[in-house]
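Everything below concerns the one structure shown next.
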Amino acid sequence: MASLRSRATCRWQPPGEGWMKLNFDGAAWGNPGQPRIGCIVHNCEGKEIASLASPVGINTNNWVELLALVEGLLLCRKLEVKFLDIKGDSAIIVNALRKGSMPNWKLNTFLSKAIDLCKGFDRFIVNHIYREGNKRVDELANLEADGIKLLSMPT
């Protein structure tokens, strides 16, 4: 019961002062299926700084979530982010990043790329967020059903 209440009250919140927040998500219908990714970077005022959404090649849902994370981290590196608060609704990917390994050995090499990218930030934290708190990036990933690539960056 508490879990349902937590999900129902889950809301997106801006990161702390001086931090940026990366929300990432993958959308795959079928496993494997035709997936899409989305990621959004917000500043501490909650302003959307950059976003990325793109269709990607057919693969599994975990691969798609991990790709969304890697692409989001690359976007944050381009933005020269120093302090990063990472949020994703895939508990498998969040836990794998925390532990430094995945139960699926095929994805460990790709996970290593995400870990290496994280080392480029002065500080980072990673936490799971329920889908209800990740709505905007979920919409962005699902928007890509038409095969449109969207990238917004600061001008």
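None of the figures in this text is laboratory data; all of them are computed from the coordinates on show. It should be emphasised that the depicted structure is a prediction, and the values quoted were computed from it without experimental measurement.
How about K87: which lysines have a C-alpha closer than 20 Å to its C-alpha, ignoring those fewer than 8 places off in the same chain? Output for K87: K21, K47, K78, K99, K113, K119, K135.
Each 5 Å bin from zero holds the following percent of Cα-Cα pairs in region 22-152: 2, 12, 23, 26, 21, 12, 4, 0.
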